[in-house]
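The values are calculated or read from the model by the stated rules, or taken from the named source; none is laboratory data. Note that this is a predicted model, so its numbers are computed, not measured. Cβ sites come from the backbone with ideal geometry, for glycine too, and all protein chains shown count toward neighbours. Heads up: the accessible areas ignore ligands, DNA and RNA and are worked out on the full protein's heavy atoms, side chains in. Shrake-Rupley method; radii C 1.70, N 1.55, O 1.52, S 1.80 Å.
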Amino acid sequence: MTGSTYASPACSETGDPLLLTPGPLTTSRTVKTAMVHDWGSRDANFIEINRSVLARLAAIANGGNDWVSVPMQGSGTFAVEAMLTTFVPPGGEVLVLINGAYGKRAKRILEIAGRKTVVHETAEDTPPDLAQIEKVLAATPSITHVFAVHCETTAGILNPIAQIGAIAARYGKGYLLDSMSAFGALPVDVQTMHIDAVAASSNKCIEGVPGLGFVICRREALSRAKGNATTLVLDLHEQWTNLEKTSQYRFTPPTHVIVAFHQALEEFDAEGGVAGRGARYRNNCRILVEGMRALGFKPLLSEALQAPIIVTFHMPEDPRFEFQRFYDSLKARGYVIYPGKLTVADSFRIGCIGRLGEREMRAALNAIAEVLDEMGMNRAVARTA
Ligand SMILES: *Cc1c(COP(=O)(O)O)cnc(C)c1O
């Protein structure tokens, strides 16, 4: 119980509360203890670890020899901004598919960088309309790229990334993907999905610690992107060529984060890669949804649209339900949930990713039932209309 006041029986291996959030996430003790050393960035062991991390990331996305992983220091958004501003030339134009905050953020990044955008927006609980995408591409030949979010973490919705890729390919457009919250848990196949670049980060489904983003890039598209970048730091082409030439990042790499990420990838492989990790998360998600339904909560999304990453629940209408109290009482029991971010409904979210399994999910449900009792609510009366 080092450094923590939480005495929950279901807390993590280090006594910290469990993070039922979209990230940062609960990590294993072994991932955390991988960081108790110091490495020089020119240390041969560190260079080898970094090389191995990058090779594994491209392999997870089925990137053969024609794809490369380029790391970007910072949180996931740094990688998304690097991807958009490196691949889209200053004269380019992007069809941005929006059904939540991360699609909106991509649009904002492009606007700030002076790239043109065309938006296809649907509600947070609605996937993009494929026929409409096709219509826009047919009507707007100046579009150079299509951007999509894999799991839009705002609602937890799964977007049809393979079908979008097929349309983009048919119209000869570049395809840029934010797979931040899904990468490692849901399959991404850069070859069959016609992806030019896909961005993700260390601290989501690979279960590393925050601090490193990465973009898996089609080598040929990345070569053509030379000179596109409109910032010094977020230039993936420069980062890539520098790494190839010198094995060095251009600026200080987050050494501890990368070594922990390497350990997280070992654990990811041991669990059976995307299939194994995805299976655990799907099981977590099923337990969560079933348990919450039994307590009277209603998920926002239908099963077909729900990605096994984070689940949005409607806020109960019962006046005895106070979200802040619910949140605080759960935190005191060792479970951190997440507020909602929707415009379509008053809601809150519970994540099912990170170093959590069946036992942790069931314990979280027990804690939720206790808190409902404490608030004087009849279980199964948390029901919304
Ligand atoms: C987490 C996340 C990001 C990146 O967010 P950061 O806070 O910058 O790490 C981007 N896109 C999606 C879909 C995400 O879930």
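Here are the numbers for the structure shown:
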{"quantity": "Residue within segment 147-165 that is more than 21 Å from S302 (Cα to Cα) and within 12 Å of the ligand (Cβ to nearest atom) present", "calculated": "yes"}
{"quantity": "Residue check for P316: in a loop (DSSP other than H, G, I, E, B), touching a Cys at 6+ places or on another chain (Cβ under 9 Å) and of a type outside the set (V, I, T)", "calculated": "no"}
{"quantity": "Scope segment 68-82; condition within 11 Å of the ligand (Cβ to nearest atom) and assigned to a helix (DSSP H, G or I); matching residues", "calculated": "G76, T77, F78, A79, V80, E81"}
{"quantity": "Pairs, first in a helix (DSSP H, G or I) in segment 169-195, second of a type in the set (A, V, I, L, M, F, W, C), C-beta under 9 Å, six or more apart", "calculated": "A169/M193; R170/L137"}
{"quantity": "Pick from segment 32-67, criterion in a helix (DSSP H, G or I) and among the polar types (S, T, N, Q), ranking: farthest from the ligand (Cβ to nearest atom)", "calculated": "N45"}
{"quantity": "Near pairs, Cβ below 7 angstrom, 6+ apart or cross-chain, from segment 257-285 (of a type in the set (V, I, T)) to any residue that is part of a helix (DSSP H, G or I)", "calculated": "I258/I49; I258/N50; I258/V53; V259/I49; V274/I60"}
{"quantity": "Any hit, segment 243-263, residues being within 19 Å of the chain's Cα centre (by Cα) and assigned to a loop (DSSP other than H, G, I, E, B)", "calculated": "no"}
{"quantity": "Tabulated pairs, segment 361-373, first of a type outside the set (A, V, I, L, M), second open to solvent by less than 10 Å² (accessible area, probe 1.4 Å), C-beta under 8 angstrom, 6+ apart or interchain", "calculated": "R362/I287"}
{"quantity": "Test: residue in segment 194-214 that is surrounded by fewer than 15 Cβ atoms within 10 Å (Cβ to Cβ) and more than 20 Å from I109 (Cα to Cα)", "calculated": "no"}
{"quantity": "Qualifying residue in segment 357-371 (condition: open to solvent by less than 20 Å² (accessible area, probe 1.4 Å), at pLDDT 95 or above and part of a loop (DSSP other than H, G, I, E, B))", "calculated": "yes"}
